[in-house]
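The values are calculated or read from the model by the stated rules, or taken from the named source; none is laboratory data. Keep in mind the model is a prediction, meaning the values are calculated, not measured. Reconstructed Cβ throughout: ideal geometry from the backbone, glycine too, with neighbour counts over all protein chains shown.
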Amino acid sequence: MQFREYGADRPETIMLLHGGGLSWWNYRKEAELLMRDYHVILPILDGHAGSDCPFTSIGDNAARVISYIDDCLGGSVLLLGGLSLGGQVLLEMLSRRKGLCRLALVESAMVIPSPVTRALIGPAFGSSYGLIKNERFARLQFRSLHMEDSLFDDYYRDTCAVSRQDMIAFMKANTAYALNPSAADCGASIRLYIGEKETRGIRRSYEALLKALPGSRGTILKGLYHGEFSLNHPQDYVHQVREILREQPGHASSKKEERL
């Protein structure tokens, strides 16, 4: 697994896990905003552009990130964040290790499996994968994802770099993931975010997470689609991170700060 780092000389670490089909640039702007105060690490999930091994499972990704935290960061970090597939990896990490982080920010993670959708992924991508490298098709797909225009070059380059096998593998994993009940005992303060215009599966998952994770708090973001919070509104995302940190007694961020 590969990692991008910002603010490596800062004492406290924030780690952000990108969404499926994207890469580290999902959180590039957040990292640039946070690096003056925090050591920010952006893992590249297996099977994605810039990774060093194929995608096998959400569990394997979780294990590799935990190993990195153990080997390089003393076994814990201040905050973990993740979008969609990255949010599922984050939840799996929390289920495997109590005390892995103090705070977790989970955006648009699906935890209710969809067997029908999973069964359709292989045939659908087996016949249409070739269109991914067609720029005109890619632009149409990009618009349907509601990302800001400045991200197209990153999206197109890295989507083209993902193999058919990896794309099918991580999409199937995304639609098959179910929350491990042991996540409820992770010891972290958890914040859940979804867009107001998310799919029914994401909305149901959000409600299930609120029930399954004691003390978790949720926010529905008005007018936003899937992934728009971290992808299109980095300053708002960073403001939420700072607000969450400010609530922690004794933490440096509990002091008065200027709002971004």
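Take the range 40-67 and flag every residue that is under 23 Å from S189 (Cα atoms) and either in contact with a strand residue (DSSP E or B) (Cβ under 7 Å, 6 or more places away or on another chain) or free of Cβ contacts under 8 Å to residues at least 24 places away in the same chain (or both). Give the derivation first.
At the first step, the residues of the range 40-67 found to be under 23 Å from S189 (Cα atoms) are 40-43, 58-59, 61-67.
Matches in the range 40-67: V40, I41, L42, P43, V65, S67.
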Tally time: how many residues in the range 115-152 are in a loop (DSSP other than H, G, I, E, B) and surrounded by fewer than 16 Cβ atoms within 10 Å (Cβ to Cβ)?
-> 3
Kindly provide the set of residues from the range 1-40 that are out of contact with any Phe, Trp or Tyr (no Cβ under 9 Å at 6 or more places or on another chain), outside any loop (DSSP other than H, G, I, E, B) and crowded, with 24+ Cβ neighbours inside 10 Å, ordered by number.
-> N26
Across the range 249-260, what is the total count of residues that are surrounded by 13 or more Cβ atoms within 10 Å (Cβ to Cβ) and either modelled with pLDDT of 95 or more or polar (S, T, N, Q) (or both)?
-> 1
Condition met for D52 (over 12 Å from the mean Cα position of the chain (by Cα), surrounded by fewer than 17 Cβ atoms within 10 Å (Cβ to Cβ) and in a helix (DSSP H, G or I)) = no
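Which of the following residues is part of a strand (DSSP E or B), in contact (Cβ under 8 Å) with a residue 24 or more places away in the chain and of a type outside the set (D, E): G87, G81?
After applying the criteria, what remains is G81.
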Wholly inside the range 156-255, helices (runs of 4 or more DSSP H) that include 3 or more residues that are more than 27 Å from D60 (Cα to Cα) are 234-246
Qualifying residues in the range 79-114 (those that are crowded, with 24+ Cβ neighbours inside 10 Å and of a type in the set (S, T, N, Q)) - the one farthest from Y193 (Cα to Cα) = Q88
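Listed here are the residues, each with its yes/no results for (1) under 21 Å from W24 (Cα atoms); (2) free of Cβ contacts under 8 Å to residues at least 60 places away in the same chain; (3) crowded, with 17+ Cβ neighbours inside 10 Å.
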{"residue": "M171", "(1), (2), (3)": "yes, no, yes"}
{"residue": "S205", "(1), (2), (3)": "no, no, yes"}
{"residue": "I220", "(1), (2), (3)": "no, yes, no"}
{"residue": "G223", "(1), (2), (3)": "no, yes, no"}
{"residue": "S230", "(1), (2), (3)": "yes, no, yes"}
{"residue": "D236", "(1), (2), (3)": "yes, yes, no"}
{"residue": "H239", "(1), (2), (3)": "yes, yes, no"}
{"residue": "E243", "(1), (2), (3)": "no, yes, no"}
{"residue": "E247", "(1), (2), (3)": "no, yes, no"}
If we scan the range 113-125, do we find a residue that is touching a Leu at 6+ places or on another chain (Cβ under 8 Å) and in contact (Cβ under 8 Å) with a residue 24 or more places away in the chain?
-> no
